Amino acid sequence: MRINCHAHLFNATSIFTTSTLDILLKRITEMKIPDLVKNELAKQVGNLLTKAGGYVDEEILFRTIIEKVTATSDFKKLLERLSPSDSLRLELFGGAKLEDYAVEKLVSLLGRIGDAVGKENQDATKSDMMDAISFIRLALLPGIRQVTDTLMEQLEHDDGVVALTMDITHDGSNRQLLEKQLADTAAQILAYPGRIFPFVAVNSRRPEHFSLMEAALNGKGFIGVKLYPSLGFAVDSPELFKVYAYCEEREIPLLMHCSEGGFYYADESRKNSDPLLWQAILEKHDKLKICFGHFGGAKYLTSPTIPDTCWSRTILTLMEKYEGVYADIAFHSEPMEGGESEKNYFTNLSQLLQDSRYRSRILFGTDYFLSRQQLTETSSWEYFRAHLSPEDFRQIAEINPAAYLGLPIDGRKCSLAMENHLRYIYQQRDALLSEAGDWVKSALKVIYGPDTTLPKPTLGPKWSWNNKVHAYLYAFLAEGQLSDRRKEEGFDAAGMLKLRDLAYWNKGFEAKELWTLKLKAMAENLDTFILTNGGSYEKNQSSKGAIGSLENLLDDGSRYIHEVGEVSDGIYMFA
Amino acid sequence: MGSTCLHEMTEKRWSVRIQSLRLMLLLLVLSTGTAWGNDSLDFKHSFRPALLTSHGDWTGALSYDLGLSTVLYSQAEKDSFRKSLSARMGTKGTVAVDADLNTEPLNADAGITTSINFYKPPIIELGAKPGQFLTKEEGFNYGRLSFSLLGGYETDQRLDNRNITAGAELGYALTETQAFKSLVPSVFLGYDFVFVDHSEQQKSLGVDDGDSRRLRVFASWKFPVGQWLPPPLEPLDAHVDLRYYLNDGLPSVYRATDKDDAIYAAASLSYSFSQKPLWGFVDALFVRVATGRIPPETKDATTVMVGLAVWER
């Protein structure tokens, strides 16, 4: 089982408030994209998160940015300098009707604008621009579920993810926002049982941090603790020593942001992540499992030799003394620039992996989706897999993460934190949305007895009565397409039927002319049914498009009804 | 004598090669149609491998169905009797390893269609529990009626008999099968003007290519027989497919050979592996007994087809 030990599943609205928005905006302004675009991007994202109440319309966002950027005198001068036959110049001078552009076309246009502006700015490239847009789009996804789905789609079926939550607060306010983030993250455990390992964020500036941590670890399936001291708190405070004692006793792993980049409250608060501060902590809690995220910063590993005095060296020194010290290589994008930087990085990393003092302490991580500023998740995995030997990659992506997290595989006993995680899965077994991995099933038998099994997962949000489009689709099918016996089996069972099980299905057994008639009748009748019962088209959908999509869908007998529900959900909405 | 036979054999080989080339060209041209699609066009396709048998001979076959369509107008009203206007082009047929056993023609056509649905949606209110809803206002579904104008090209697999067609179609289809509705057939009537492009059959009968008119009448039923049987047989359905073709204006010598009309009748049983595809990829299994022919196929035959529905997407 490969595990990404450093990832984030939150979206922007789940961690940022009007009072902490400047932390996100600081991050945007550090992106390597043209200032002209960057400033407008930061401004519009700020406006959206402040005023939109959690709902983000990508089309409005990107259209507004394009309108603002192209209206500036700097950009108009740039356009005039372009060749008369330049496609961007032609499109914008030709009076591009932005209101007619769908979001993908707007994104493409914004990328081209960034590319054009970037040609006059040596620090910006087209890829930076598109990566920045991709990052913003991920951050603006409507919920943690969507961010998770986007990540899991890029991984292999058995891959796991350490999901690090964040608590951005300076005065302890917005507790509800944190609780929602924790609850939504815990829900992902049930969506992908045995593959999501959440860490609860602890920020000692929040007075209730300890009780919130305890509740997450004991009752919500969280298995570790995330510290982000550059958000403005000290790691050597009495409050956090209480946290360390709790974690050490229960084999709960910690992960601390440890690089000079990332989010920070103020410049001076970046120093709170200095690993040297951990010397005193580990002297008192020498069994503590602590992973230093980002290994202190990739820049030290891209040097010909790792400097004697740097955060990375400090971490290595701690590794030599304490068996619970780990480091991950998340967001190590510097070597991807190639050349000496890449050569030095992998020489250093390979040497560390040959050294018995460090070999078992280095973890693979990508920093998804914050890393999307630079490259996709799939590319991250592929890059490190290609540049390390198969043995070394397996060591950092499989063997070491399993030990760090306390997974009960390869003969290892289940850690207390992991046992709590498994108990959470079992207690919530009726809400599982997908099949748990074999290691989960085996571990549950050890905890609860050899006869322990998990129920077949429901389809969850894929086919839910709470989703009105799904409910009305079922009602439509019940009125003439489902047999009485199928109707008695209920709504959930109907979701697992295929289109070929419905009354209209006669494809291949009649003249094509008749089959075509039936397809059109089904598509139009479903459309009429939903509209008549209060539904309406989603934005960018039309009658013609809806009928075409439905006809296409209804022609495929191997489609499940819940798949029709998912497609219909993209076409229709109910107020 | 010997040299004459050799000449005939060589000519026959070339003839077969040219025919194969034409067939490949036809398929190639139609297959590459996918590249022309865009957002406003819908492309559909299905391929179904099968075994064909006739008079004790067996052969492998592949049925294909490709279609490109677009909706020109669709009434988005919420009321009953919804109307629409659409255009389409497509091709379908069955290609067999042994062409002599193949009674199904290869078709390519294009047309424009207007239609009306005899459908009034019920007004419902959703209940709190999954699957529960209250019908506040009853609706009805009495099917769809459509009228089309179209033109096309059709051939048998050997490309021996090829026609250009133009005509009108009237169709009625019902999508429901509960109670009496399973007894109501879906029906189709088409009237084509047939312009013969090439006809080996007419040549063999000693007449020149002669244009004609053709009536087509199709009817189909689907009986959900599994619903009346024990639960494991729930996915079992019976299907009846009747087709009648009548040619008008054929040369008298042609009528004398009894080739001016054609009947095709097929009865099938299908079983859908709804929960779990058989062997992981078979969505359904079917057995079809068919007799007669579909023009321009010229030979009546009784066939039994045991088929699998796979890779439908």
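Report yes if some residue within region A:491-503 is within 20 Å of A:ASP430 (Cα to Cα), crowded, with 23+ Cβ neighbours inside 10 Å, in contact (Cβ under 8 Å) with a residue 12 or more places away in the chain and among the aliphatic types (A, V, I, L, M); otherwise report no. Scanning region A:491-503, I find at least one residue that is within 20 Å of A:ASP430 (Cα to Cα), crowded, with 23+ Cβ neighbours inside 10 Å, in contact (Cβ under 8 Å) with a residue 12 or more places away in the chain and among the aliphatic types (A, V, I, L, M), so the answer is yes. In this entry, A:TRP505 passes the filter for residues that are assigned to a loop (DSSP other than H, G, I, E, B), more than 7 Å from every other protein chain (Cβ to nearest Cβ) and on the phi < 0 side of the Ramachandran plot.
State which residue pairs qualify: first residue in the same structural domain as B:ALA262 (by TED's automatic domain parsing) and farther than 30 Å from B:GLN178 by Cβ and inside region B:235-251, second residue in a strand (DSSP E or B) and among the β-branched types (Val, Ile, Thr) in any location, beta carbons under 9 Å apart, and separation of 6 or more residues or different chains. Cβ pairs passing all conditions: B:TYR245/B:VAL217; B:TYR245/B:ILE263; B:LEU246/B:VAL217; B:ASN247/B:VAL194; B:GLY249/B:VAL194. Of all residues in region B:166-186, count the ones that are surrounded by fewer than 18 Cβ atoms within 10 Å (Cβ to Cβ) and not aromatic (Phe, Trp, Tyr). The qualifying residues number 8.
Of the residues making up region A:252-288, those that are small (Gly, Ala, Ser) and closer than 22 Å to A:PHE364 by Cβ are A:SER259, A:GLY261, A:GLY262, A:SER273.
Within region A:465-490, take every residue that is among the polar types (S, T, N, Q) and more than 8 Å from every other protein chain (Cβ to nearest Cβ) and give me the one that is surrounded by the most Cβ atoms within 10 Å (Cβ to Cβ). This residue is A:ASN467.
For A:SER464, the test of being farther than 22 Å from A:ALA191 by Cα, among the polar types (S, T, N, Q) and touching a Gly at 6+ places or on another chain (Cβ under 9 Å) is failed. Considering region A:46-82, the residues that are outside any helix (DSSP H, G or I) and at pLDDT below 75 include one that is surrounded by the most Cβ atoms within 10 Å (Cβ to Cβ), namely A:VAL56. Residues considered: A:LYS242, A:LYS287. Of these, the only one that is surrounded by fewer than 22 Cβ atoms within 10 Å (Cβ to Cβ), assigned to a loop (DSSP other than H, G, I, E, B), in the same structural domain as A:ASN348 (by TED's automatic domain parsing) and over 26 Å from the mean Cα position of the chain (by Cα) is A:LYS287.
State whether the residues of region B:104-118 include one that is part of a strand (DSSP E or B), under 21 Å from A:SER543 (Cα atoms) and small (Gly, Ala, Ser).
There is at least one residue in region B:104-118 that is part of a strand (DSSP E or B), under 21 Å from A:SER543 (Cα atoms) and small (Gly, Ala, Ser).
Cβ separations smaller than 8 Å between residues 6+ apart or across chains give the following pairs from region A:64-80 residues that are in the same structural domain as A:GLY111 (by TED's automatic domain parsing) and over 11 Å from A:LEU92 (Cα atoms) to residues that are of a type in the set (Phe, Trp, Tyr) and crowded, with 18+ Cβ neighbours inside 10 Å: A:VAL69/A:PHE75.
What are the residues in region A:325-349 that are modelled with pLDDT of 90 or more and within 29 Å of the chain's Cα centre (by Cα), if any? Those that are modelled with pLDDT of 90 or more and within 29 Å of the chain's Cα centre (by Cα): A:VAL325, A:TYR326, A:ALA327, A:ASP328, A:ILE329, A:ALA330, A:GLU342, A:TYR345, A:PHE346, A:LEU349.
The rows are residues; the columns are (1) more than 7 Å from every other protein chain (Cβ to nearest Cβ); (2) surrounded by 24 or more Cβ atoms within 10 Å (Cβ to Cβ).
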| site | (1), (2) |
| --- | --- |
| A:GLU510 | no, yes |
| A:LEU517 | no, yes |
| A:ALA521 | no, yes |
| A:LEU526 | yes, yes |
| A:GLY534 | yes, no |
| A:TYR537 | yes, no |
| A:ASN540 | yes, no |
| A:SER543 | no, no |
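Does region B:285-294 include one or more residues that are modelled with pLDDT under 90, within 13 Å of chain A (Cβ to nearest Cβ) and closer than 30 Å to B:VAL196 by Cα? Among the residues of region B:285-294, at least one is modelled with pLDDT under 90, within 13 Å of chain A (Cβ to nearest Cβ) and closer than 30 Å to B:VAL196 by Cα, which makes the answer yes.
The values are calculated or read from the model by the stated rules, or taken from the named source; none is laboratory data. Because the structure is a prediction, the values reported are computed rather than measured. Glycine also receives a Cβ, built like all others from the backbone with ideal geometry; neighbour counts cover every protein chain displayed.
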